[in-house]
Structure formats: structure tokens, C-alpha cells
Amino acid sequence: MAPVEPSSTFRSLFGHDPQGRWQAPGRVNLIGEHTDYNDGLCLPVALDRRTVVAAAARDDGRLRVASLEVPGEVVEVDLAEVRPGHPQGWAAYVAGVLWALREAGMPVGGLDLVLTSDVPLGAGLSSSAALEASVAAAADGVFGLGLLADDAGRAVLADACRRAENEIADAPTGGMDQAISLRAREGHALLLDCRDGSVEHVPLELEQHGLDLLVIDTRAPHALVDGQYGARRRDCEEAARLLGVASLREVDPTGLDEALGRLEEERVRRRVRHVVTEIERVRRCADALRAGDLEEVGRLFCASHDSLRDDYEVSCPELDTAVTAALRAGALGARMTGGGFGGSAIALVRREALDVTVRTVRDDFAAAGMGEPAFLVLERAGGPAGPVHG
Ligand code: ADP
Ligand code: MG
């Protein structure tokens, strides 16, 4: 649970009580990077870090929202005036969710909101989707939408969150972050098929195997909303067009070499090789988790990292240093997670080796003249967005 309680700030800012509080988790992706916009597979897991929002309805169609992470700012906007580029900044994620729900025909009106989060912002742990999903959950509760009641309804909320991020906040991300935040199951990873939105809950038995998932926030600047992400997406779309398929998901991994032979540009060939082999690694990772073969999971993490670094070229020195250090300290496997160019890495670590792994990563960062990384330990996969009781 987030460390600071938003309700008291709500009362002092708005002069009345919230109707309730709702929460939604951040995530790490175990494997399946840059596959979502290729209609592929990914395997995210919810963190036990979340965004909590206190909420109450207003009857004038306006949104007032404050974040304890952005002190001193209360953003006010008429919901009828929300559009791409308005409002600007962090409030776009919030207003965008209400806009998207209204676009989908939901009876969503004005809201007073105060939110807070212990998901680190901009660390590749999806604070943006945690923010969106918490607002979607609050709208569901306040306006009685009933969509949190089952997975089909949660998928509708997740889609509204994705539209908010893509269309109002102008961040061209796929649907993974929103899906895990709304559709997670505690103790499980979520095998998400981005082609049809279907999900499968795969047990993640860290505790039974004496393992932790160590998340290393490199604190290297990460900006997904820049040219690199768009360039990767364009390469993938162009390759799919050249190969005559709707998306790279349709490229059969057993026919990969033949497909690559039909692409002229070396860079594009490497992009395709990453996507096609990564989707296959997700399948194998889910199988390994079901079989309790965590050593194999570790090997797949390493193969994924190599592919992202060499073929997809989205790693950076901080991520590579984190991965190399964790492996040297004995991790079963390690990889960058999230979009790349900074953000976080994950390592599958034996519980007794946690301290030495943290120390090794910290020392290697210092030796390389890099800033101090931050650490977060996942002992058990978190649950999905919903009301906060009590
Ligand atoms: P990530 O999702 O990996 O944390 P993003 O760049 O996608 O990184 O999203 C981070 C942005 O989301 C922040 O810069 C801010 O605009 C917004 N955001 C997320 N959580 C909060 C919060 N609790 N308060 C205010 N803004 C937030
Ligand atoms: Mg994000």
C-alpha cells in the first residue's frame, strides 16, 4: 500500500470527504519486450507497489485532481473539453481515462481526486498505467459501472486506460501495462496475448523455490515518449508489410530464417529476429513456470536481454551493468524490463544471495561512475486494481 494516505489531503483541499479509495499496481514484465505492439505475447507481473486515489463525484462535469507526487498543483478541467494535448502533463493520464470511458458510452461525470503512489515514476515500472487504472477503478466505483466485477469488464477498463495514454497523453504504448494493472491475479504472472487480448494466469511460485525477483531501478533517464520507440514500431510495421503479414506475430519461428532472407535492410532483419524469438521465449517461459523450472526461466531472461541489447538495441550501459553484475553475483537470470533506454532491470535471485547481489550491482554502478540505483524486492506477485477496504 502507498505510504501516504490521500484522504486527509482530499479533505483539506476540497473541504469534503471522499466516497472511497481505489488502488492499482505497477508492474514488471518478466519477459516479452516490445512484443505487445506486434500482436505478440508478454508475461507481466503486478508489483506490490500501487497508486491509491481518493475520489468523490461532482455534479458539474468537471475534474479536479491533485497528486501528492506533484505538490502544490491542482489541475481543473471540464471533461467536455478533454482532447489530445489538453490537459497537458501528468493530468492528461487522469482526464484521458474519464474521456475514454465517456467515449465508450459509460455514464462518467465530474470527479474530485487526490492520488498518491509508491510506484517510482518513470522507472519503467508503469506508474502511468497504475495511475490510469486507479482512476478507472475509482470511476467504476463512484459511477457504479460494474466493470470491476469480472475479467471482461476489467478488459474494457484496461482498453479505456490504453486509449487515454495513447490518445490524450500521446504516449504510443501497447496494452500490456494497463492489462496487468487491471487483470492481475495475486501470486501469478499474466500471460497476455496482445492479438486478441486474452489472458492466462500462470503461477509464479517464487517463495516455494526460495527465490526473489529483484528489481533494479537504474535511475538512468528514460523517455518512452521519444523517437526511439516510434522508430522501432515503424521498423516492425514496415517489416510486416514487406513480409505480407498483418503483424510480426504471424511470422512462424520455424520459418524465421526464410523470412529474414526476404528483408533487405540489416537493421530491420535484427528487429524482426528479436520480436519473433522473444514471442517464442514468452511461450517457453510460461511453460517453464508451469513446470516449476526456474533455472530455465533464468536462462530465458538472459537470452531476452541479449536480444534486446544486440538485435533491438534498446538497452543502455546502466541496464547492461545491472544485468552483468546480478549474474556475476549468482542470479539465475537477469534482463532489462520495460521499453528500455533506462528504466529498470530484473534479476531472479536466491533469497540468501539477495544482499550480495544488491551490493555487487551498487559497487559496479559506482565503479562505472553511474548514479546510485534503487532496489525493490518482489516476494510475491501482487493483485489487481480495486477498491481499498477499511
Ligand atoms: P512509467 O510508467 O514507467 O513510470 P511513464 O513515462 O510512462 O513512466 O509515466 C510516468 C509519468 O506518469 C510521470 O511523468 C507522470 O506524468 C505520470 N504519473 C505517474 N504516476 C503519477 C503520480 N502518482 N502523480 C502524478 N503523475 C504521475
Ligand atoms: Mg508508463
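The values are calculated or read from the model by the stated rules, or taken from the named source; none is laboratory data. It should be emphasised that the depicted structure is a prediction, and the values quoted were computed from it without experimental measurement. Here Cβ is always computed from backbone atoms with ideal geometry, including for glycine, and neighbour counts include all displayed protein chains. When the accessible area is computed, the model is the full protein with side chains, heavy atoms only, and any ligands, DNA or RNA have been set aside. Shrake-Rupley method; radii C 1.70, N 1.55, O 1.52, S 1.80 Å.
Quick notes on this one:
- Tilt relative to the chain, helix 91-103 - C-alpha long axis, 0 to 90 degrees, to 10: 80 degrees
- Computed from the C-beta positions of Glu238 and Ala104, the FRET efficiency with R₀ = 30 Å rounds to 0.45.
- The Val245 and Leu68 beta-carbon pair, evaluated with R₀ = 56 Å, returns a calculated FRET efficiency of approximately 0.75.
- Surface share of carbon and sulfur [accessible, 1.4 angstrom probe, percent] for the chain: 47 percent
- Separation in nanometres of the label points that stand 7 Å from Cα toward Cβ, at Ser7 and Glu207: 2.8 nm
- The Kirkwood radius of the chain, taken over pairs of alpha-carbon atoms, gives through the Stokes-Einstein law at 25 °C and 0.890 mPa s a diffusion coefficient of 116 µm² s⁻¹.
- The sum of -39500 (n - 2.57) across all DSSP H runs of n ≥ 4, divided by the residue count of the chain, sets its helix-only mean residue ellipticity at 222 nm to -12500 deg cm²/dmol.
- Per residue, the chain exposes 38 Å² of accessible surface when a 1.4 Å probe is rolled over the protein heavy atoms with every protein chain present.
- Prolate/oblate/rounded call for segment 78-118, Cα gyration tensor, a/c under 1.5 rounded: oblate
- Estimated D of segment 207-378 in µm² per second, where Rh is the Kirkwood radius over Cα pairs and Stokes-Einstein applies at 37 °C, 0.692 mPa s: 193 µm²/s
- The charge dipole of the chain, taken about its Cα centre with unit charges on the Cβ atoms of Lys, Arg (+1), Asp and Glu (-1) only, comes to about 180 debye.
- Angle of helix 354-367 to the longest C-alpha principal axis of the chain, folded into 0 to 90 degrees and rounded to 10: 80°.
- At 0.692 mPa s and 37 °C, Stokes D of segment 7-202 from Kirkwood alpha-carbon radius, µm² per second: 200 µm²/s
- Residues within the reach of a label modelled at Arg195 (point 7 angstrom out along Cα to beta-carbon, backbone nitrogen below 12 Å), restricted to segment 272-289, are 280.
- Springs join every pair of Cα atoms under 10 Å in this Gaussian network model of the chain, and among Cys42, Cys236, Cys316 the largest mean-square fluctuation is at Cys316.
- Global geometry of segment 150-304, whether rounded, prolate or oblate, following the gyration tensor of its Cα atoms and the 1.5 cut on a/c: oblate
- Residue-wise HN-Hα couplings along segment 285-302, as the Karplus relation 6.51 cos²θ - 1.76 cosθ + 1.60 with θ = phi - 60° gives them from phi, are 5, 4, 4, 5, 5, 5, 8, x, 9, 6, 4, 5, 4, x, 4, 5, 4, 5 Hz; Gly and Pro carry x.
- Between helix 151-163 and the chain: long-axis angle, C-alpha atoms, 0 to 90°, nearest 10: 90 degrees
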